[in-house]
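Inspection log for the structure reproduced underneath, given as structure tokens.
None of the figures in this text is laboratory data; all of them are computed from the coordinates on show. Since we're looking at a predicted model, the values are computed, not measured. So basically every Cβ, Gly included, is an ideal-geometry build from the backbone, and we count neighbours across all protein chains shown.
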4 protein chains.
Amino acid sequence: MSEREALVVEPLRLALVGCGRIAQVAHLPALEKAAGVELVAVVDPSQEVARAVARRYGVPAAYTAQEQVLADPAVEAVLVAAPDRFHYPIAAEALTAGKHVLVEKPLAATSAEAEALVELVDRTGLVLQVGAMKRHDQGLQYARGFVAERLGEVRSFNAWYRIGDLRPGIEATLFPYVYADQAARESETAFKADRQRYLLATHGAHIFDTVRFLLGDVGSVIARHRQHGRDQVWQVLLTMASGAIGTVSITVDVPGVPSEGIEVFGASGSIRVDTPFPFYRQASSVRAYADGETVMPELTDGDAYERQAEAFARAVREGSRPVPDVRDGLHAIRLIEATAAADGEEITL
Amino acid sequence: MSEREALVVEPLRLALVGCGRIAQVAHLPALEKAAGVELVAVVDPSQEVARAVARRYGVPAAYTAQEQVLADPAVEAVLVAAPDRFHYPIAAEALTAGKHVLVEKPLAATSAEAEALVELVDRTGLVLQVGAMKRHDQGLQYARGFVAERLGEVRSFNAWYRIGDLRPGIEATLFPYVYADQAARESETAFKADRQRYLLATHGAHIFDTVRFLLGDVGSVIARHRQHGRDQVWQVLLTMASGAIGTVSITVDVPGVPSEGIEVFGASGSIRVDTPFPFYRQASSVRAYADGETVMPELTDGDAYERQAEAFARAVREGSRPVPDVRDGLHAIRLIEATAAADGEEITL
Amino acid sequence: MSEREALVVEPLRLALVGCGRIAQVAHLPALEKAAGVELVAVVDPSQEVARAVARRYGVPAAYTAQEQVLADPAVEAVLVAAPDRFHYPIAAEALTAGKHVLVEKPLAATSAEAEALVELVDRTGLVLQVGAMKRHDQGLQYARGFVAERLGEVRSFNAWYRIGDLRPGIEATLFPYVYADQAARESETAFKADRQRYLLATHGAHIFDTVRFLLGDVGSVIARHRQHGRDQVWQVLLTMASGAIGTVSITVDVPGVPSEGIEVFGASGSIRVDTPFPFYRQASSVRAYADGETVMPELTDGDAYERQAEAFARAVREGSRPVPDVRDGLHAIRLIEATAAADGEEITL
Amino acid sequence: MSEREALVVEPLRLALVGCGRIAQVAHLPALEKAAGVELVAVVDPSQEVARAVARRYGVPAAYTAQEQVLADPAVEAVLVAAPDRFHYPIAAEALTAGKHVLVEKPLAATSAEAEALVELVDRTGLVLQVGAMKRHDQGLQYARGFVAERLGEVRSFNAWYRIGDLRPGIEATLFPYVYADQAARESETAFKADRQRYLLATHGAHIFDTVRFLLGDVGSVIARHRQHGRDQVWQVLLTMASGAIGTVSITVDVPGVPSEGIEVFGASGSIRVDTPFPFYRQASSVRAYADGETVMPELTDGDAYERQAEAFARAVREGSRPVPDVRDGLHAIRLIEATAAADGEEITL
């Protein structure tokens, strides 16, 4: 076996930083099955949660402070699943400590923080991948190929991200039992109290990244926002660097089931992508039209979190560009900030 | 039988002005079956076409000049199906001659013309109905009822009107044999040469009227347009008088089948309406969500042109407000003009 | 121009025998547009109906007796659209008179009559095509190609033909104005009084022909029938000559919209075909699965009656086998008779 | 608090017998979340598997012999998830030991065994519920209510159960990491070697139970089976005790995705139920038509295994009839045996 092959087959020794809800419902089940990844430690401020999670998933180490994991030479990389406001400090410390980083989206709380991470990644040469896991959705990957090869010059598009008010019931069914520290849960709820800001960041990080994944860079943004009690609507008109024009609608909470997707129209084809709520573990369903027929790929590898972890391990082992990378994460935040700032006037990016 | 009942049962004596394609594929088959309507004359500059049509549909009079029909005391009302640029002069002359008018959309070529018709209708007290026949689509009527009664405060919406490049083949199948005057056909093609203006007017007259039908008046418009060879895209961000915000996308020609519809999201429900190409004679399909279930009405009375003609006859006989009326027609033109004028800045209506 | 090319471009001079409802709603609009066909005469016992139809469609001759048309040397072929019980005598006389025949399905009232027509066709060498027009549906033709080339050995299938109780409302919308002779209409209704026999024949002629078109000959039939007031159900278990096994369900009247289709499962692929009510003039929608993707052709040439007439003209001009031919028509009747006779026991064909 | 209320709130102390694949992918995640159930012991012949499962789910006792659990007074009830051929002996011993039983479907390997269980349940007065968990699918429960209240007299139906060849890929995504004893796995594979018998029993137990759940008892069965290499097809024509007639198709392995459902047609309504692969944890999607509209309930509580466990606990605590009960389990086996025995002749049940 050559040295390179040996590197490839050696699983990436990963630590999970933050064992809250997203870690337990998305990352831990995915990491347990992901090829090329070995979860060697978990970290959570709640010792009870860290230990429960470690026992369930057979993880050898359960820490309560990230310093412990950053000092652990067995750890090559960290997956940052802590609350949004900690993404930047944890990712920065991990890079400084020489660890590769897979950080949940959004990359950071502000574009200034994200720019600092760009600089740090460039300086250290380490791998930083942003956890916009939909880039690893088989359906969106199929769509990207179709847009590049069959659809022709992109002319228009419409994207939407609607959190339906039936989502809590769906989550109650799909989520596994979650170990929780009551104090932590209440404290986190307080941080999400700026609902307008939180919702735009957490959902916008997905849908804006999807738009860029399929259609390239955004030239300008015109946005309008309305609030109705707790509910929020953003309607955004995008002009792409390529000249294509389209819309993005973000709505929370819409009566009914969640709905997320994009339609793209080009010179020689068109495509519709419907992305299911991720915890159904189904790839996006795709309807791709060209040359008189609509093709729907039947895709079975539907756990985007598992695929994301495997892609991260490959990027570290192969030294390839992670997808999405730190600059993709920065662009998503800039789009969120432009959308938050705009009220009917055009903002050039 | 009372005098009023006598009025109701007396069919409206209608003349068709303009026997071109839309008259032959939409209006004549509808008028032949519509209850409460009697087609007593047809007018077309081509004597050959006028006669062929009259023979086929058993119409007693075939004229070549509208003056003849306006002077005919047997004619109570005219249906104006002449090319767009003649809508205003014919409608104005007909009203002046004391005839009720059903005029194909768009109501007129400019808002100035439309305003003149508003004034004329107010002065004469005659009925003028605009041929935005989708207001008589059973599905859109169901949607309007649902929006008013179940959906709650409207918060956001997305509407689209996409002419697919498969439409010519569909038309070739659905349209009956069409009698044509070759000279007239060529001359008309020349008038549609300003494709950007023609397409926005002809399609915008539908989709903007649908938005107003379901959601009320529009407060402001932000629009962007792109041209790609012969193809055109408009992306429009609307702020409604009610505070709701939404988008309208108009695209011609998209690869694939035609697609037209609207989704509306409210405080307590949501609705999606897909409007088929009208010559399938199918009502819009509706999915209306509220209270944990989605309802889809199965609607069979799918010829909106026939229903439009019947509604016009009732409006004349009953003296009720026609739907859509002359002011609705004016508003649709103002939206078209605002969309044509805007390039990323907000235009208040 | 070669002699053969001259033959091809010479339109087939056709007479329509029987101008009742199916003639007016299906055949006349189709014949007016069909390439390669010239309608030179119509025949109906009601002079009023024959003349009205001839005037509307510009047909030069309107007869009241089929003898007139059979004696007319200008007529090369007849389309028999008379009531079912006249299919055999008219077709037989026409063949005897040297005319090619396109006869509405079912080919005849009994298999004995159908066998006589087989013999007559063989003897005269004339073209007889059965009006099971779904064989000319673009979607079913696509499906046939897919079954032959991609689906592999056929293993199972399920077909259904459900007349929904919403059909009358749909017909009222889709059908053009129909000229009717009241006496004839009442007399025909009496002949349809044996509803069980009429329904099985008229609908079975379609669905059994579709099964044979896609899957080849039937080996045996096991059927069960139930009547509920006016409503009828047949459930049929078919064993094909190829070894495939499947079911056919015929139900009249089911609450709701009409529904007709077939699903076929093979060694390497599967296909679902949904055939719309024919007067929507839409090709069957097809979902063809193989090799990890489902393909849906977008088909626009949706008037199966028009395509049927064009195919008939080509068969006459080119001397090719008509589709479906007289033996296909005979097989459909044998399947109808076996289904009518069976009550739970197997009948070998 | 009354004595009865105290009983209701006391969770049912349950032991899981058999910790193989179905236990790990279906029952353990469901039991961990089910209200009113406390998992107090697990049993598996492999000590390694029993311990791993107990650690993961925090279960206090891990046994390797069922005798241990039957002797444990803390255990009130057992869930039998051992291989099919052990259903009868384990359930019989558990009942004899005074434990309530929830037994995976099929209830037993033969109708003789199932009859013995009926006798034992009657004698002991204990609760035995069969694990045909689809009866606890929200969508099928909605369908049952609709059939009873809105659909009117049932006239015909079509049911299907198709295992698609894409299922292994879907399972690889949806299933959690599974602890396995390699020797046990190989030994079990050998017992499934009679693929025809195994497949009919394992899938028939679902679809026949669904038919009875919605439509009542079956009067007779006419069935035909074909084998193609490893693949199997059964086509079954059912005559219900009520007089309704319908079909059931069972096919393994069809190219493509799994598909399971039933359509039922009645005097005043009709319904279509599509049951997703259960590990998506989605309720069946339902389209219920009556009175001019189709209703689709949006159901979020989609884990039928969790709902089944909760219903079992309620049946034990409330002394109510379990669903499905031991006689339902017996009927399902009789239908499987009749289908296996039949080859084109009618078998009365």
Evaluate the relative contact order of the range D:252-321 (contact order divided by residue number), counting alpha-carbon pairs under 8 angstrom at least 6 apart; express in whole percent.
20 percent
For the range C:171-301, average projected area of the Cα convex hull in nm²:
10.7 nm²
Direction-averaged shadow area of the convex hull around the Cα atoms of the range C:231-281, nm²?
5.0 nm²
Run the numbers on the range D:151-301 and let me know its relative contact order in percent, using alpha-carbon pairs under 8 Å that are six or more apart.
33 percent
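Quick one: net charge around D:LEU199, please, counting Lys, Arg +1 and Asp, Glu -1 for every other residue with C-beta under 10 Å from its C-beta. Display every interim value, and only then the final one.
On the way: positive: D:LYS192, D:ARG195, D:ARG197, D:ARG230; negative: D:ASP194, D:ASP231, D:ASP253.
Result for the neighbourhood of D:LEU199: +1.
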With the convex hull built on the alpha-carbon atoms of the range D:39-154, volume per residue in Å³ sits at 138 Å³
Label point at D:ARG226 placed 7 Å out along Cα→Cβ; residues across the range C:202-219 whose backbone nitrogen lies under 11 Å
C:215-219
For chain D, share of DSSP beta bridges that run antiparallel, in % to the nearest 5:
60 percent
Percentage, to the nearest whole number, of Cα pairs in the protein assembly as shown over 55 Å apart
31 percent
Do the sum for chain C: with -39,500 (n - 2.57) for every DSSP H run of n ≥ 4, divided by all residues, what is the mean residue ellipticity at 222 nm, to the nearest 500 deg cm²/dmol?
-12000 deg cm²/dmol
The answer for A:GLY256, listing residues at least 5 apart or on another chain whose modeled amide H is closer than 5 Å to its amide H, is A:ASP165, A:LEU166
Can you pull the Rg over Rh of the range D:109-188, Cα-only, Kirkwood?
1.08
For the range A:166-223 and the range B:250-285, what is the separation of their C-alpha centers, rounded to whole Å?
30 Å
Mean Cα-pair separation over length for the range A:6-159, i.e. relative contact order, pairs under 8 Å, 6 or more apart, %:
18 percent
Antiparallel bridges, percent of DSSP beta bridges restricted to the protein assembly as shown (to nearest 5)
60 percent
State, to one decimal in nm², a quarter of the convex hull surface area for the C-alpha atoms of the range D:284-342, i.e. the direction-averaged projected area.
7.0 nm²
Run the reach check for A:LYS105 against lysines, Cα to Cα strictly under 18 Å, same-chain hits fewer than 8 apart removed. What comes back?
A:LYS134, A:LYS192
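Where does chain A land on the Kirkwood hydrodynamic radius, alpha-carbon pairs, in angstrom?
Averaging 1/r across every pair of different Cα atoms and inverting gives 20.8 Å.
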Long-range share for the range A:147-211, i.e. C-alpha pairs more than 15 Å apart as a percent of all pairs, stands at 74 percent
Rg(Cα) of the range D:1-99 divided by 2.2 N^0.38 Å?
1.06
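For the range C:234-349, what is the convex hull volume of the alpha-carbon atoms per residue, in Å³?
168 Å³
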